Amino acid sequence: MKATESNEVLNTLKHDMKKQQRQLFFKRLTSNKLMVTGGITIIFLTLVAFIGPFLVPYNPYEMVVQDRLQGPSAKHLLGTDEFGRDLLTRIIYGSKVTLGVGFSVAAISSFMGMVIGLYASYYRVLDHILMRISDGLMSIPGILLAIALMASLGPKTSNVIIALSIVFTPYIARVIRSAAIVVREQTYIEAIKVQGASTMRIIWLHIMPNTISPLVVSATFIFADAIITEAALSFLGAGIPAPDPSWGNILYDGKLVIFNAWWMTVFPGIMVIASVLGLNLLGDGLRDLIDPHTNHAKK
């Protein structure tokens, strides 16, 4: 009976501790107002991208020439473009393209950067080779490297994702390598080696989990950078090909009529600013949440 009662007391204490930890985590999460603002912004834009196409009555590709360059009105809330297409509809459909490209680039570059960073941190020979290649890529301005890659690959949405993934992978690799080297030097890693654990087991089961936190934070900022770079590429005519809408190529169309149709540059520009600002606030909040020491250092 005593053993049973002791187990019940221990289970109760464990349950209470877990509850207190969840409450503390939720309190820290909600106390960061900037992070909450960024998270709400990204959730809203995601809902716009996935639910918005079912709510708008127009086709993003349908041209109505007699309605070209009409200003915001009850019929067209954000006006129309030079071909008479509803601008609100194109921005909503473009949000799915732009956010999809940004998310894909963040996911692919995070995976590739994680693999490169982990193996570079463990093997000195690979470290010299992979990091020198990364340094070479990072020495080229991202937008110029992306334009060069798009010129060789051709205008296509998938090629935009490939090009931007190549641009941002070295940055992730550097972050993961730095974090992995710190973990590799820990005493318990040496103990695991002495026990005869394989290299794959050490890298993927013991080092990799300790690099997830900086990876998530870095991926958030890469997401924002990918949105800006995709918009810049499309604005220069080297990104998402027409007639597929993206915030960047809507801006590209708007620059030709900026003095006659201000709405074609203002509204997609607001979407780009809102998404990038939201992601940066979210990234800063995640960094403070994961590593509270950085927040104290700022203060």
Open item on the list: I'm trying to understand the selection: among the residues of the range 197-218, which are hydrophobic (A, V, I, L, M, F, W, C) and over 18 Å from Ala120 (Cβ atoms)?
Closed with: Ala197, Leu205, Val216, Val217
TODO: Output the residue which, of all residues in the range 36-62 that are among the small types (Gly, Ala, Ser) and under 19 Å from Pro268 (Cβ atoms), is surrounded by the most Cβ atoms within 10 Å (Cβ to Cβ).
DONE: Ala49
Open item on the list: Name the residue that is surrounded by the fewest Cβ atoms within 10 Å (Cβ to Cβ), counting only residues in the range 247-286 that are part of a loop (DSSP other than H, G, I, E, B) and modelled with pLDDT under 90.
Closed with: Phe259
Open item on the list: What are the pairs with Cβ atoms under 8 angstrom where one residue, in the range 159-174, is in contact (Cβ under 8 Å) with a residue 12 or more places away in the chain and charged (D, E, K, R) and the other, located anywhere, is part of a helix (DSSP H, G or I) and surrounded by fewer than 24 Cβ atoms within 10 Å (Cβ to Cβ)? Sequence gap at least six, or different chains.
Closed with: Arg174/Met131; Arg174/Ser134; Arg174/Met138
Task: Answer from Ala232, Ala238, Ala180 - the residue that is in contact (Cβ under 8 Å) with a residue 12 or more places away in the chain and in a loop (DSSP other than H, G, I, E, B) - done: Ala238
Open item on the list: List pairs: first residue in the range 137-157 and without any contact (Cβ under 8 Å) to a residue 40 or more places away in the chain, second residue surrounded by 15 or more Cβ atoms within 10 Å (Cβ to Cβ) and of a type in the set (A, V, I, L, M, F, W, C) anywhere in the structure, Cβ distance under 6 angstrom, at least six positions apart or on different chains.
Closed with: Leu145/Val167; Leu149/Ala163
TODO: Report, ordered by the first and then the second residue, all pairs with beta carbons closer than 7 Å, sequence separation of six or more or different chains, a first member in the range 59-70 that is assigned to a loop (DSSP other than H, G, I, E, B), and a second member that is loosely packed, with under 15 Cβ neighbours inside 10 Å.
DONE: Tyr61/Pro243; Leu69/Asn260
Open item on the list: Which count do you get for residues in the range 78-90 that are touching a residue at least 60 places away in the same chain (Cβ under 8 Å) and either buried (at least 24 other Cβ atoms within 10 Å of the Cβ) or charged (D, E, K, R) (or both)?
Closed with: 4
- [ ] Taking Arg68 as meeting all but one of (1) farther than 30 Å from Thr41 by Cα; (2) at pLDDT 90 or above; (3) surrounded by 15 or more Cβ atoms within 10 Å (Cβ to Cβ), write down the number of the exception.
- [x] (2)
TODO: Report, by residue number, each residue of the range 148-163 that is farther than 14 Å from Gly102 by Cα and buried (at least 17 other Cβ atoms within 10 Å of the Cβ).
DONE: Leu149, Met150
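The values are calculated or read from the model by the stated rules, or taken from the named source; none is laboratory data. Computed from a prediction, not measured in an experiment: that's the story for all the values here. Ideal geometry is used to build each Cβ from the backbone, glycine not excepted, and the neighbour counts take in all protein chains shown.
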